[in-house]
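Report on the following structure.
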Amino acid sequence: GQNIDQPTEMTATEGAIVQINCTYQTSGFNGLFWYQQHAGEAPTFLSYNVLDGLEEKGRFSSFLSRSKGYSYLLLKELQMKDSASYLCAVRDRSFKTIFGAGTRLFVKA
Amino acid sequence: GAGVSQSPRYKVAKRGQDVALRCDPISGHVSLFWYQQALGQGPEFLTYFQNEAQLDKSGLPSDRFFAERPEGSVSTLKIQRTQQEDSAVYLCASSLAVTDNYEQYFGPGTRLTVT
C-alpha cells in the first residue's frame, strides 16, 4: 500500500527554525510537494522536489532524498501566521497525488 | 484571475438523499482532481480527469460515488444514497498538467454533513 508519515503536531517559538519530516512509500515517484493549510481553508502550494537536494524559497526550504524515501520542510524566522497544517504529498507512478495526514504546527510567542 | 470555485460551500443532506457537488476549475487547466478530507486528516484522493477523460477513479469509496467532466471544464461529484460516513469536506483542485512541477490549486471545498 501507499504510505506517507509525518509527525502529528509540532510546537515552535516565534523567530525560531523548525524542521518537519516526511517519509514515504509509494507506487513509483513523480515528485514531492509540500502544501500549507490553515484551519478551515484550502491547501496552498509551498514547494516541489523531484531531484535529490535542497530547494530554497524565501523562509521555506524543502529537501528530498529519493533513495531514503525522505523529505523535510524547513521554516526559518517563524511567524505567528505560520501556525497551520503542513501537508507532505507524493505524486505516484500513475500521476495521482497521495497526501499525508499533515503536521499541525503551533507557533508560540 | 479567478481561482477554483466550488458550490455549494455547505450542504446538509438526510441519510439516503443524493447530492451533487460542483467544481469550476481555473480556465485552461487540463487536470482536475477530487479529494475527500476528514477532520484532522490530509486530503484523500478520489479521482482525477485530464480534460474530459477520467484517468483514475481508484479512490472512489463505493459505487455510490460518481464524477464527471463532460466538456473538460466544470466537474460534478455525485453521491447517491448518502451515508453518515460520507460527511467530510470535498476538495476540488485543478492544475495546468499532472507532470513536472505544476502544482494543484485548490477550491474552498464543500462541507457535506449527512444527518
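Filter the range A:60-97 for residues that are at the interface with chain B (Cβ under 9 Å from one of its Cβ atoms) and at pLDDT 95 or above; which is most open to solvent (accessible area, probe 1.4 Å)? Talk me through it step by step, then tell me what you get.
First pass over the range A:60-97, keeping only residues at the interface with chain B (Cβ under 9 Å from one of its Cβ atoms): A:85, A:87-89, A:91, A:94-97.
Keeping just the survivors that are at pLDDT 95 or above gives A:85, A:87-89.
Numbers: A:Ser85: 27, A:Leu87: 1, A:Cys88: 0, A:Ala89: 0 Å².
Among them, the one singled out is A:Ser85.
Test B:Gly16 against the stated conditions and say whether it is within 14 Å of chain A (Cβ to nearest Cβ) and either on the phi < 0 side of the Ramachandran plot or out of contact with any Phe, Trp or Tyr (no Cβ under 6 Å at 6 or more places or on another chain) (or both).
Details: within 14 Å of chain A (Cβ to nearest Cβ): no; either on the phi < 0 side of the Ramachandran plot or out of contact with any Phe, Trp or Tyr (no Cβ under 6 Å at 6 or more places or on another chain) (or both): yes.
Against the criterion (within 14 Å of chain A (Cβ to nearest Cβ) and either on the phi < 0 side of the Ramachandran plot or out of contact with any Phe, Trp or Tyr (no Cβ under 6 Å at 6 or more places or on another chain) (or both)), B:Gly16 does not qualify.
Among (1) crowded, with 22+ Cβ neighbours inside 10 Å; (2) on the phi < 0 side of the Ramachandran plot, which single condition is B:Gly109 missing?
B:Gly109 satisfies every listed condition except (2).
Can A:Phe106 be described as modelled with pLDDT of 95 or more, open to solvent by 60 Å² or more (accessible area, probe 1.4 Å), in contact with a Ser or Thr (Cβ under 7 Å, 6 or more places away or on another chain) and not in a loop (DSSP other than H, G, I, E, B)?
Answer is yes for this residue.
Exactly one condition in (1) in contact with an Asp or Glu (Cβ under 7 Å, 6 or more places away or on another chain); (2) at positive phi; (3) within 10 Å of chain A (Cβ to nearest Cβ) is false for B:Asp100; which is it?
With respect to (1) in contact with an Asp or Glu (Cβ under 7 Å, 6 or more places away or on another chain); (2) at positive phi; (3) within 10 Å of chain A (Cβ to nearest Cβ), B:Asp100 is out only on (1).
Which of the residues belonging to the range B:1-16 are surrounded by fewer than 18 Cβ atoms within 10 Å (Cβ to Cβ) and either of a type in the set (Lys, Arg) or closer than 21 Å to B:Thr82 by Cα (or both)? Give the derivation first.
Restricting attention to the range B:1-16, the residues satisfying the condition of being surrounded by fewer than 18 Cβ atoms within 10 Å (Cβ to Cβ) are B:1-3, B:5, B:7-10, B:12-16.
Answer for the range B:1-16, where residues must be surrounded by fewer than 18 Cβ atoms within 10 Å (Cβ to Cβ) and either of a type in the set (Lys, Arg) or closer than 21 Å to B:Thr82 by Cα (or both): B:Ser7, B:Pro8, B:Arg9, B:Tyr10, B:Val12, B:Ala13, B:Lys14, B:Arg15, B:Gly16.
The values are calculated or read from the model by the stated rules, or taken from the named source; none is laboratory data. All figures in this text were calculated on a predicted structure; none of them were measured in a lab. All Cβ positions, even for glycine, are placed from backbone atoms using ideal geometry, and neighbour counts span all protein chains on display. Protein only, heavy atoms only, side chains kept; ligands, DNA and RNA dropped before computing areas. Shrake-Rupley method; radii C 1.70, N 1.55, O 1.52, S 1.80 Å.
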